[in-house]
């Protein structure tokens, strides 16, 4: 359980012991702000959470008509975390898991207060090739979870494939990489496919191109020969190594938005946060079918 907004949460300090019976008795005798859906109750260092129902009436303060106990003190922790956005389900979920109690109440950014009750996350694997490292996809996912996907609790792991260690590359005498990227290195590096160097016929024959099918097409267009390839396409590598579960990766064949192939969501090489957000939502919908 996670409130859709901290505006739904009201915090009350009380003088009675936070038992189920006393919480019900107290709340059934009170009125609540019309927008309030949850009551966070505090007595000393003990905390509890209740969900309330209200009578329908045209008033700012409305009598409480029902009480559902969400959590009691033995299963509830309170955390002051000024840097945490309490509107982000993923940030709240990560904190709840680290604290270990079934429910965590958080006073976060701007002293807003909300809570998170234990629930299973959507588990996602981010797969990408590096360098540069960390992969840009991680930053895009984090940005999506902080903004567009705030209501979704997503837990992810990252699997990276280092381009410098791809099979077939270590013994190459001459190497063309697809483009400049911090950390790409090889003793036989002679250039990049986005700025192709002049090559002799002998070099054209012996050079290894680190790239994908697009790189092979560019090589043939520039040099008139088929390329000797080391495939670095994340989708192809992913299918080769096999990863279970929902996966987010990238491919230059996807021009805009995203594609879904089974349990894999694929965004463009130069993806934006909106592409990543839409891909994750589509993947969650696909996996729930």
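Look at (1) assigned to a loop (DSSP other than H, G, I, E, B); (2) surrounded by fewer than 15 Cβ atoms within 10 Å (Cβ to Cβ) and you find that residue 239 fails only one, number (1).
Confirm whether residue 46 is farther than 30 Å from residue 146 by Cβ and in contact with a helix residue (DSSP H, G or I) (Cβ under 7 Å, 6 or more places away or on another chain). It is true that residue 46 is farther than 30 Å from residue 146 by Cβ and in contact with a helix residue (DSSP H, G or I) (Cβ under 7 Å, 6 or more places away or on another chain). A residue that is in contact with a helix residue (DSSP H, G or I) (Cβ under 6 Å, 6 or more places away or on another chain), in a strand (DSSP E or B) and either assigned by TED's automatic domain parsing to the domain that holds residue 139 or crowded, with 16+ Cβ neighbours inside 10 Å (or both) can be found somewhere in the stretch 267-284. Identify the residue in the stretch 191-210 that is surrounded by 16 or more Cβ atoms within 10 Å (Cβ to Cβ) and in contact with a helix residue (DSSP H, G or I) (Cβ under 8 Å, 6 or more places away or on another chain) and, among all such residues, is nearest to residue 164 (Cα to Cα). My answer is 210. Restricted to the stretch 93-202, the set of strands (runs of 3 or more DSSP E) holding at least 1 residues that are in contact (Cβ under 8 Å) with a residue 40 or more places away in the chain comprises 103-107, 113-117, 122-130, 154-162, 175-177. For the stretch 91-114, a residue qualifies if it is within 16 Å of residue 5 (Cβ to Cβ) and either touching a helix residue (DSSP H, G or I) at 6+ places or on another chain (Cβ under 8 Å) or assigned by TED's automatic domain parsing to the domain that holds residue 141 (or both), and the qualifying residues are 91, 106, 112, 113, 114. The set of residues from the stretch 38-63 being buried (at least 19 other Cβ atoms within 10 Å of the Cβ) and either modelled with pLDDT of 95 or more or closer than 22 Å to residue 105 by Cα (or both) comprises 38, 39, 40, 41, 47, 48, 49, 50, 52.
Contact map, the stretch 15-38: residues that are touching a residue at least 40 places away in the same chain (Cβ under 8 Å) paired with residues that are assigned to a helix (DSSP H, G or I) and surrounded by 15 or more Cβ atoms within 10 Å (Cβ to Cβ), Cβ distance under 7 Å, separation 6+ or inter-chain. Pairs shown: 18/73.
The values are calculated or read from the model by the stated rules, or taken from the named source; none is laboratory data. Note that this is a predicted model, so its numbers are computed, not measured. All Cβ positions, glycine included, derive from the backbone under ideal geometry; neighbour counts span all protein chains shown.
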